[in-house]
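Since the structure comes first, as structure tokens, the remarks are kept for the end.
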Amino acid sequence: MAEVVCKSNVFSLCNGTNITKYHLHKRYRPTNLSFRSISCFHGRRVLVAPSNPAFVGGTSRKASNIQMSIGIAKAQRWWEKGTKANMRQVVGAQDLVDSLHNAGDKLVVVDFYSPGCGGCKALHPKLCQLAEMNPDVQFLQVNYEEHKSMCYSLNVHVLPFFRFYRGAHGRLCSFSCTNATIKKFKDALAKHSPERCSLGEPKGLEEKELAALSSNKDLSFTYTPKPEQPALPKEEGILTGQAVVSDTIQHPPLPLPRPLEMNLKNTKNKTLVSS
């Protein structure tokens with residue numbers, strides 16, 4: 001159904017063209033339709049189609065709401081903003097164990113955070129700056145909300161929480177700090193970041209932590225303790241070549257010096273003569 005619209009008064013100027021405001025004549029104004037005007041008609045009769053409230057700009061309102069919600073969800077992922085090449089998200093217990101084992105002698109910082117933690121969010125930009133300044137340090141991020149059961153097994157109950165690991169030394173330190181106490185993190189990073197070599201294979205998590213992860217039914221992680229090697233018996237003595245000479249072996253008496261031997265003989269003769 002076509003309706004006749006007529007010009008009323010000038011509304012505003014846009015791009016150098018008069019955009020006028022129109023209204024329907026009372027005789028032809030329907031009650032259930034809405035109309036939009038986009039340009040100046042200069043008093044001429046035009047055909048105006050009613051706008052469908054279910055569509056906005058050719059896109060359904062439901063689809064636009066879904067796109068808007070997706071955009072908001074992406075904007076709220078603050079823990080992914082500003083991350084560097086040496087920062088990585090941990091996807092599970094096995095991933096954490098393998099990452100510590102494959103790091104070798106490199107310093108590894110495990111960052112436990114939560115998306116709803118205000119202190120974690122405030123501290124994240126500074127962590128990204130420190131990661132950029134220390135490219136040789138590996139930062140592993142553990143989302144507490146996604147891996148809550150694993151964090152319980154690792155005795156992590158305070159956020160934000162950090163643990164430092166290196167090679168055969170295993171865990172170096174662990175502490176909690178906020179944006180106000182960032183100096184604690186910087187001091188630990190300066191203390192343990194210098195390169196050093198450690199003898200033996202990387203240790204990673206402690207034995208009791210590995211056992212706790214393995215016993216957790218919520219985690220698909222298995223761990224087999226290494227068999228303890230029997231201790232070798234200690235032998236007292238002096239090592240000479242391939243043989244060990246014990247101190248309990250009875251050695252023949254050593255010969256006495258010549259003058260001392262003569263004195264002992266004279267003493268025996270005098271004793272016999274006197275008797």
Which entries in the list Lys81/Lys183; Lys186/Lys217; Lys106/Lys226 go over 28 Å, if you measure between the two C-alpha atoms of each? Lys186/Lys217
Under a plain spin-label model, where a point goes 7 Å from the Cα along Cα-to-Cβ, how far apart in nm are Cys173 and Ser198? 1.5 nm
Which whole-number percent of Cα pairs in the stretch 78-215 have a distance greater than 24 Å? 24 percent
For the stretch 149-161, take each phi angle, set θ = phi - 60°, evaluate the Karplus expression 6.51 cos²θ - 1.76 cosθ + 1.60, and give the result in whole Hz per residue in order, putting x for glycine and proline. 5, 5, 5, 4, 5, 8, 6, 9, 10, 10, 10, x, 9
D for the stretch 136-226, whole µm²/s, Stokes-Einstein with Kirkwood Rh over alpha-carbon pairs at 25 °C and 0.890 mPa s: what number? 165 µm²/s
What is the order of Lys203, Lys226, fewest Cβ neighbours within 10 Å to most? Lys226, Lys203
If Tyr152, Tyr113, Tyr223 are placed from fewest to most neighbouring beta carbons inside 10 Å, the sequence is Tyr152, Tyr223, Tyr113
Taking neighbour Cβ counts within 10 Å as the exposure measure, how do His169, His124 sort from fewest upward? His169, His124
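Rule-based calculations on the coordinates, nothing more; no lab input. These numbers were taken from a predicted model, which means no experiment stands behind them. All Cβ positions, glycine included, derive from the backbone under ideal geometry; neighbour counts span all protein chains shown.
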